[in-house]
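Let me begin by presenting the structure, written as structure tokens, before commenting on it.
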Amino acid sequence: MGRKGAISPEGLRGTGDGPSVKMLSHPRWPLGVRGTALAAAVVALSGIVAFGVIREATTTVRAPGAAVSRPTAPPKPAWTRAEEAYIQALWPIHGEVERNAVRLSLGRIFYKADEIGKPELKARLEATLTAFQEAEERMQALQPPPSLARAHEEYLAAVRLFQQSVLETRKMFEDGDDGHLLAAYPASREGSDKIRAIGVKFWEDEFPPH
């Protein structure tokens, strides 16, 4: 988008011996002699301080024995056989939950951007609700070891939050109020946070550190 009111160099130069030529040919220094001296002193002092800081930092880095060794994190204890079996059984369920969580989120975004209509959004909602309900049933059939019982309950809670979010969104088809899209967001966001926290714990490669 072009700039409004921009003045070309030719316009600034003017024509002939007009006032614009005189103004450009005799610029005034904004500072007096005293101000100029003060500004020069500030610049010089800044340069000295910067040089001292850089030199100190360089000396500190190069000084023998100055390097600080970072403590290494203790190795993570290995999973037991029971824990590994549970995590492997949860993996395919986790994949389905993640895919449908993304599908649910994108469906809402596409609808608000007028990329899809209400019929397609409704179809997405029904499909994701079914997927989340099936994921809950599959999880209830798992037998987590005591050490992972809390993570199991947290994951179940996340799946139920996704279902809650879908059910809240579906209300827009009953009363025509698109405000249910916004009301459904917190449950979906909380569910996503929960499965991410568990995913970081179980599958580090899936969620690399930032």
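The values are calculated or read from the model by the stated rules, or taken from the named source; none is laboratory data. Predicted, not measured: the structure shown is a model, and the values here were computed from it. In this analysis, Cβ positions are derived from the backbone assuming ideal geometry, glycine residues included, and neighbour counts consider all displayed protein chains. When the accessible area is computed, the model is the full protein with side chains, heavy atoms only, and any ligands, DNA or RNA have been set aside. Shrake-Rupley method; radii C 1.70, N 1.55, O 1.52, S 1.80 Å.
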Given (1) among the charged types (D, E, K, R); (2) closer than 15 Å to residue 87 by Cα; (3) within 27 Å of the chain's Cα centre (by Cα), number of the condition residue 124 does not satisfy: (2)
Just wondering, is there one or more residues in the range 91-112 that are crowded, with 16+ Cβ neighbours inside 10 Å, over 18 Å from residue 160 (Cβ atoms), over 25 Å from the mean Cα position of the chain (by Cα) and without any contact (Cβ under 8 Å) to a residue 60 or more places away in the chain? no
Could you count how many residues in the range 124-155 are open to solvent by 10 Å² or more (accessible area, probe 1.4 Å), part of a helix (DSSP H, G or I) and either at positive phi or without any contact (Cβ under 8 Å) to a residue 60 or more places away in the chain (or both)? 18
Given the criteria open to solvent by 20 Å² or more (accessible area, probe 1.4 Å), in a helix (DSSP H, G or I), at pLDDT 95 or above and not charged (D, E, K, R), does residue 188 qualify? no
I'd like to check something: does the range 71-87 contain any residue that is at pLDDT below 95 and over 19 Å from residue 200 (Cα atoms)? yes
Taking the condition of being small (Gly, Ala, Ser), open to solvent by 20 Å² or more (accessible area, probe 1.4 Å) and at negative phi, how many residues in the range 156-185 meet it? 3
